[in-house]
């Protein structure tokens, strides 16, 4: 998932935590808030253990605390992520039905190339080298296998291979960083049968790119920072999640200071109704400056 180190993409822990919390809630309760912290990187060579504790259970609301951990070779249990999930019993009606819209107009998914086709086109036109193309395919092959993704041509990450091709100019170069955006259409590549799996899959997908989008928006990539990873997350659900249908994701970054960045994504269905949002603070640590000889 874009990182060459033998650590698990954070979306895996998010998906496990979200599914575990949802399975513990009574029928008829809908998740609306999912917040927590990434505590340490997870290994790719061992399974996750999810532990759920009931914090609140009433006729209207439910709250769960979730810990996702891994067992080390010496038998110690190491917590990778903890989260709080809030649920509400389904209301009989709603006084308001509204949502914000994307910050700009994006192309429809119809006819757009997927991520692998876009990479092949950039290679064929000489805009990226064979090494850059192959590194991109290797880094994001898992995501392309799990989801059908069609980057919007108006978005930055669709123009520079998620930042891999950082030398390429993009159409938002004249905008300040906090006004730059990227967007893509996505849906699951395989059938999703259980409602809880739709929620887990969306949690997985929303984690992507938020930690490094300030780099990708600025003609930089992971090698240009000493550390780049997500620290915390706050996800809100607004409506039904259907991962078998097309959804639009818009990514933006809103603030950066003290070695941390604050970025978010919004998700809409094809009718333009907001389905969910996720915000994250992440660390992007500057490379140490080389001393003079």
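The values are calculated or read from the model by the stated rules, or taken from the named source; none is laboratory data. Note that the structure is a prediction, hence the values are computed from the model and not measured. Glycine also receives a Cβ, built like all others from the backbone with ideal geometry; neighbour counts cover every protein chain displayed.
Listed values, structure above:
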| quantity | calculated |
| --- | --- |
| Exclusive hit being outside any loop (DSSP other than H, G, I, E, B), modelled with pLDDT under 95 and within 16 Å of the chain's Cα centre (by Cα), set 141, 200, 135 | 141 |
| Matching residues, the range 220-251, being in a strand (DSSP E or B) and either without any contact (Cβ under 8 Å) to a residue 24 or more places away in the chain or surrounded by fewer than 20 Cβ atoms within 10 Å (Cβ to Cβ) (or both) | 227, 229, 232, 234, 236 |
| Selected residue [within 12 Å of residue 25 (Cα to Cα), at pLDDT 95 or above and in contact with a helix residue (DSSP H, G or I) (Cβ under 7 Å, 6 or more places away or on another chain)] from 53, 64 | 64 |
| Out of 70, 88, sole residue that is modelled with pLDDT of 90 or more, in a strand (DSSP E or B), in contact with a strand residue (DSSP E or B) (Cβ under 7 Å, 6 or more places away or on another chain) and more than 22 Å from residue 199 (Cα to Cα) | 70 |
| Conditions (1) buried (at least 18 other Cβ atoms within 10 Å of the Cβ); (2) in contact (Cβ under 8 Å) with a residue 24 or more places away in the chain; (3) out of contact with any helix residue (DSSP H, G or I) (no Cβ under 6 Å at 6 or more places or on another chain); number of the one not met by residue 204 | (3) |
| Scan of the range 144-158 for residues that are part of a loop (DSSP other than H, G, I, E, B) and surrounded by fewer than 23 Cβ atoms within 10 Å (Cβ to Cβ), ordered by number | 153, 154 |
